[in-house]
1. What's the number of the condition D517 fails, among (1) among the acidic types (D, E); (2) surrounded by fewer than 16 Cβ atoms within 10 Å (Cβ to Cβ); (3) under 23 Å from L272 (Cα atoms)?
2. Can you confirm whether E297 is over 12 Å from the mean Cα position of the chain (by Cα) and open to solvent by 10 Å² or more (accessible area, probe 1.4 Å)?
3. Can F116 be described as modelled with pLDDT under 95, closer than 30 Å to G354 by Cα and open to solvent by 40 Å² or more (accessible area, probe 1.4 Å)?
4. Restricting attention to the range 484-503, report how many residues are under 25 Å from the mean Cα position of the chain (by Cα) and over 30 Å from E249 (Cβ atoms).
5. For the range 136-145, state whether one or more residues are small (G, A, S) and touching a Gly at 6+ places or on another chain (Cβ under 6 Å).
6. In the range 377-413, how many are open to solvent by 20 Å² or more (accessible area, probe 1.4 Å), within 20 Å of A348 (Cα to Cα), in a loop (DSSP other than H, G, I, E, B) and polar (S, T, N, Q)?
7. Any chance the range 96-106 includes a residue that's of a type in the set (A, V, I, L, M, F, W, C), surrounded by fewer than 17 Cβ atoms within 10 Å (Cβ to Cβ), more than 19 Å from the chain's Cα centre (by Cα) and assigned to a loop (DSSP other than H, G, I, E, B)?
Amino acid sequence: MKTIVADGIWDFGFSEEIKLNGSMPDIKFETALSVPGCFDVAQPFFGKRGTGCYRRTVRTGGNIRLFIDGLGVEGEVFWDGELIGKCPYAYMPEKFNFNAGKYKDHELVIAVSNCFNKVFFPYFDFYAYGGIFGSVRIEELPAYRIDLTKVTTLDYTTGKISVDVEVNKFFRKAKEIIFEIDGKTVLSADFAGKKNVYEISVPDFKLWSPEEPNLHKMRIILGEYEEEFNFGIRTFEAKGTQLYLNGKELRLMGYNRHDSHPEFGAAVPPSLMAADLAMVKAQGSNFIRGSHYPQRESFLDLCDKMGILLWEETLGWDVRDKELFTKEFRFRQIDQAKKLSSIHYNHACIIIWGFMNETLSEDKRAKKIIKAVIDTYKSVDKTRFVTFASNRYEKDICMDIVDIVAMNPYPGWGGVNWDELSGIHHIAPRLAEIDAAVPKDKPYMISEIGASAIYGHRDPHRVRWSEEYQAELSTEVCKVVLGNKRYCGLCFWHFCDAKSYLNGGRIKGINDKGILDEYRRPKFAWDAITQALKDLKFNK
């Protein structure tokens, strides 16, 4: 088997008039851009909405699998001018299996629209970048291949795992399947039919945790097909209001994070991802909420290796009534949940599957949609927690069906009287009011909280938008939330400033509640939170 990494310089053309319609766009390739990359972070395409086409030649043939690690806002893929697949969801990784034809040079075109659609709406509070956000890979495949592999920890005390294997064709005659772990053959068995499950005891196993992110390497051989990936041995549980990892009590502390940078857009390079996570780790935090969309494979690999727990969610931010209660929206949420949980199942770092941020969870009609998405996640993965972040507080009627109640309150920032210099005193009483409405037998976390601060804005009176005010608020939040075992987690909004809509009232078009600015320069709040974690002996 041969793998071609197609990252690099591609031909590029752009048109504001051309729309995606399933046909190869008639476009002039007048320049060149890099993949991964966003075409609308710089001139001449900055601020424009339309269709950008990436083109390159690939020398290959026969059965192949094309993998695209996320693009936006949506895309269509053409091989020698013929449509082979669509990418309907921004940021979602996609795989396409097809016959490439004879072994020769072939033309690959990925057409990407950054226009708003029925999944990514204009009012979303993060920028709709256009481009190919992650790597593009091409794998040459034999006639028989494995389409899905799921490694599940059955017993973390003995290292026993199960491996679900699903192939592309029904095997009437059994074939040998071989499992290697860390370079040693651990099982040779028969594979017949289309799906099989195997139980394996991992030799010399080590557990995965944020403190010791041990990974094992799995290699599976089925005839001419081979695949290799890392997995971790760990088990998540909830007992009453507490979370447990491998039988030990776990509390989550970290940040919501956008893939966003002024120069890279959503195509943040792995080197910057690693630097972000290194800061989180050094601070003493252990958790990232991947707001508000699927994460790239490289980011998940880094979280696996560095020991950062992750909440990963599908795209669906504060969707309004008009779109929320349509059959199409329900289908898209279910489809995203099934895709995401299947393709990212083997990443040890993922602890929570999420969806539908700040939806109308006080409405019985929305509860049916929420239940359907939860059931979809659970049909694929029963080992992780499933929830959504709510801002309906006492009115929320869906707290009974999620695994973890997650709320996005902003006391001390929102709801402050106009004549108040500070709103810090509102934090403790408001959080107590919300806590009183949460079921007493459920784990409960704060999934968003924070305050805006403009980098470099210093004020002796510690007024709103100053770095001093954000730091003071953050310290108080840490004391109230992390100082109370009722909360299983705290996740600040957000790690770093990120580009939002350009004309919606955001200063500089940026959501400035980041604890770092958009270039990752720390505001006063970063050191304040770091000190608070030390003072509170978080997870010590």
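The values are calculated or read from the model by the stated rules, or taken from the named source; none is laboratory data. Quick caveat, the model's predicted, so the values are computed rather than measured. Heads up, the Cβs are rebuilt from the backbone with ideal geometry, glycines too, and the neighbour counts pull from every protein chain shown. SASA here: full protein model, heavy atoms, side chains in, ligands and nucleic acids out. Shrake-Rupley method; radii C 1.70, N 1.55, O 1.52, S 1.80 Å.
1. For D517, the exception is condition (2).
2. Criteria not met by E297.
3. Here the answer is yes, as F116 does meet what is asked.
4. So the count comes out to 6.
5. Narrowing the range 136-145 to residues small (G, A, S): 143.
Going one step further and asking which of them are touching a Gly at 6+ places or on another chain (Cβ under 6 Å), we end up with none.
The answer is no, given that none of the residues of the range 136-145 is small (G, A, S) and touching a Gly at 6+ places or on another chain (Cβ under 6 Å).
6. 1
7. Among the residues of the range 96-106, not one is of a type in the set (A, V, I, L, M, F, W, C), surrounded by fewer than 17 Cβ atoms within 10 Å (Cβ to Cβ), more than 19 Å from the chain's Cα centre (by Cα) and assigned to a loop (DSSP other than H, G, I, E, B), which makes the answer no.
Yes/no matrix, rows are residues, columns are (1) at pLDDT 95 or above; (2) out of contact with any helix residue (DSSP H, G or I) (no Cβ under 7 Å at 6 or more places or on another chain); (3) outside any strand (DSSP E or B):
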site	(1), (2), (3)
G134	yes, no, yes
A143	no, yes, yes
T152	yes, yes, no
T157	yes, yes, yes
D164	yes, yes, no
F170	no, yes, no
I178	yes, yes, no
T185	yes, yes, no
S188	yes, yes, no
